[in-house]
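**Q** Encoded as C-alpha cells, here's the structure I'll be asking about.
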Amino acid sequence: MSSEDTSTFVWLFQSWRRCMSNQSPDGIVTDQCKAMQNAIEIIFPNTRHRWCLWHIMKKIPEKLQGYSQYKGIKCELKKLVYESVNVIDFESGWSQFLMKYELENNEWLGTLYEDRSRWVSAYFKSNFWAEMSTTQ
C-alpha cells in the first residue's frame, strides 16, 4: 500500500470483504493504527476489534523505563494485564497500580486505559480468539 490512511484501509477492507462473499470477520486483531481502526468501524461495524497485546507490551520499556521503579512497574503491569480474572479485578488493580507508582499523569497509560476493552483480555474473555496476535 502506498499510504496507510483511513481511505486506503477502507478500500482494502472492502476488497477483502468482497473476496469473502461479503462476509465480515467475527473478530480482527491489529496493532494500534488509528487509520485502520477507523476503517474497521466503517467497513466491519459489527466485527469485534481488539489490539495485539504483544505490540502494547513491547512498548513498556520505551514508555516507562525512565521511572526509578521501572522493574516493579513492568512486573506489576504485566501481572495486572495477564492475570486479571475479570473486569472488576482489572479496574481495581489498575487504580492501585497507578497510585502505588504515582503514574496517574502518565499520558501513555491514560490513553491505554481509555481503550482497555481492546487489549485487556478480561474485557473480551467471552469471545474466542485462539490466542491470536498480529505477529502471527
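**Q** Give V81, V10 a once-over and let me know the one that is under 18 Å from E114 (Cβ atoms) and surrounded by 12 or more Cβ atoms within 10 Å (Cβ to Cβ).
**A** Going through V81, V10 in turn, the sole match is V81.
**Q** Okay, moving on. Given (1) assigned by TED's automatic domain parsing to the domain that holds W108; (2) touching a helix residue (DSSP H, G or I) at 6+ places or on another chain (Cβ under 9 Å); (3) in a helix (DSSP H, G or I), where does K71 come up short, assuming only one miss?
**A** Failing condition for K71: (2).
**Q** Taking I73, is it β-branched (V, I, T) and at pLDDT 95 or above? If you could, list the steps in order and put the result at the bottom.
**A** Numbers: β-branched (V, I, T): yes; at pLDDT 95 or above: yes.
Taking the combined requirement at face value, the residue satisfies it.
Here's the yes/no breakdown for (1) at pLDDT 95 or above; (2) closer than 27 Å to V120 by Cβ:
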position: S3; (1), (2): no, no
position: S24; (1), (2): no, yes
position: C33; (1), (2): no, yes
position: I42; (1), (2): yes, yes
position: K63; (1), (2): yes, yes
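**Q** Let me ask another. Within the bounds of segment 19-29, is there any residue that is in contact with an Asp or Glu (Cβ under 9 Å, 6 or more places away or on another chain) and polar (S, T, N, Q)?
**A** Narrowing segment 19-29 to residues in contact with an Asp or Glu (Cβ under 9 Å, 6 or more places away or on another chain): none.
No.
**Q** Quick one: how many residues across segment 82-116 are of a type in the set (A, V, I, L, M, F, W, C), in a helix (DSSP H, G or I) and in contact with a Phe, Trp or Tyr (Cβ under 8 Å, 6 or more places away or on another chain)?
**A** 4
The values are calculated or read from the model by the stated rules, or taken from the named source; none is laboratory data. Just so we're clear, the structure is a prediction, and the values are computed from it rather than from any experiment. Because the Cβ atoms are built from the backbone with ideal geometry, glycine has one as well, and the counts that use them run over all protein chains shown.
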